[in-house]
1. On the given criteria, is B:Tyr39 within 24 Å of A:Gln105 (Cβ to Cβ) and at pLDDT below 95?
2. Look through segment A:4-20, keep the residues that are surrounded by 14 or more Cβ atoms within 10 Å (Cβ to Cβ) and aliphatic (A, V, I, L, M), and return whichever of them is farthest from A:Val111 (Cα to Cα).
3. What is the residue count in segment B:72-102 for residues that are in a strand (DSSP E or B) and either within 12 Å of the chain's Cα centre (by Cα) or more than 10 Å from every other protein chain (Cβ to nearest Cβ) (or both)?
4. Which condition number in (1) surrounded by fewer than 21 Cβ atoms within 10 Å (Cβ to Cβ); (2) at pLDDT 95 or above is the one that A:Met41 fails?
5. Being in a strand (DSSP E or B) and within 10 Å of chain A (Cβ to nearest Cβ) is the filter here, so list the residues in segment B:11-45 that pass it.
6. Output the residues belonging to segment B:75-114 that are under 20 Å from B:Leu56 (Cβ atoms), among the hydroxyl-bearing types (Ser, Thr, Tyr) and surrounded by fewer than 17 Cβ atoms within 10 Å (Cβ to Cβ).
Amino acid sequence: NAGVTQTPKFRILKIGQSMTLQCTQDMNHNYMYWYRQDPGMGLKLIYYSVGAGITDKGEVPNGYNVSRSTTEDFPLRLELAAPSQTSVYFCASSYKDNTEAFFGQGTRLTVV
Amino acid sequence: AQSVSQHNHHVILSEAASLELGCNYSYGGTVNLFWYVQYPGQHLQLLLKYFSGDPLVKGIKGFEAEFIKSKFSFNLRKPSVQWSDTAEYFCAVNARGNTGKLIFGQGTTLQVKP
């Protein structure tokens with residue numbers, strides 16, 4: 001059972017560079033989410049999607065973009081990396097409302 | 001706005017001690033409640049969840065939590081912790097019927113000494 005798969009696991013970026021964090025799920029879940037985890041802060045929602053072609057901002061969307069062209073994939077794009085984006089990023093998915101979310105292994109990103 | 005507060009940021013216990021981690025939330029409507037655990041270097045895993053029904057819910061690895069609606073609380077308990085319970089614990093809520101977006105508490109780091 002693959003579940004939610006994120007790539008890469010680790011990445012170091014220089015300020016101003018761009019990159020895409022990949023997320024794919026094989027559970028046919030409608031809802032997908034991107035969170036960032038900072039020490040002592042819990043997880044904060046960046047963007048979410050309720051289905052292919054539909055995305056919306058979460059609590060901390062600035063500096064990020066997403067797309068949802070298929071049910072399976074929900075990539076997160078950083079256009080101009082900044083040190084404030086140093087964090088651990090988690091992708092998650094859930095089947096519908098009132099069901100649990102399943103999380104990927106996370107991507108540890110450092111911007112220097 | 002919704003918010004979740006975890007009272008203990010860092011807890012250190014000896015093996016076989018009892019555990020209770022506090023969680024309070026702020027929201028006026030109906031919520032779903034969760035406890036997730038993150039073992040060192042791993043992703044979040046669901047410990048237990050409450051959607052409706054019996055407010056005392058049992059999860060994996062001997063954990064349980066009690067939803068007290070009047071106190072807006074969902075405290076996590078375990079009668080006897082093990083060294084392998086060393087991890088970070090997150091309380092989370094989402095508003096019923098609101099796309100499943102989770103609001104997380106700050107997390108509690110539990111260190112169990114052998």
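1. Considered against the rule, which asks whether it is within 24 Å of A:Gln105 (Cβ to Cβ) and at pLDDT below 95, B:Tyr39 comes out as yes.
2. A:Val4
3. Final tally of qualifying residues: 13.
4. With (1) surrounded by fewer than 21 Cβ atoms within 10 Å (Cβ to Cβ); (2) at pLDDT 95 or above applied to A:Met41, the lone miss is (2).
5. Across segment B:11-45, the qualifying residues are B:Asn32, B:Phe34, B:Tyr36, B:Gln38, B:Leu44, B:Gln45.
6. B:Ser80
For every residue, the table says whether it meets (1) within 14 Å of chain B (Cβ to nearest Cβ); (2) not hydroxyl-bearing (Ser, Thr, Tyr).
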site: A:Met19; (1), (2): no, yes
site: A:Gln22; (1), (2): no, yes
site: A:His29; (1), (2): yes, yes
site: A:Tyr33; (1), (2): yes, no
site: A:Arg36; (1), (2): yes, yes
site: A:Ala52; (1), (2): no, yes
site: A:Thr70; (1), (2): no, no
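The values are calculated or read from the model by the stated rules, or taken from the named source; none is laboratory data. Just so we're clear, the structure is a prediction, and the values are computed from it rather than from any experiment. Because the Cβ atoms are built from the backbone with ideal geometry, glycine has one as well, and the counts that use them run over all protein chains shown.
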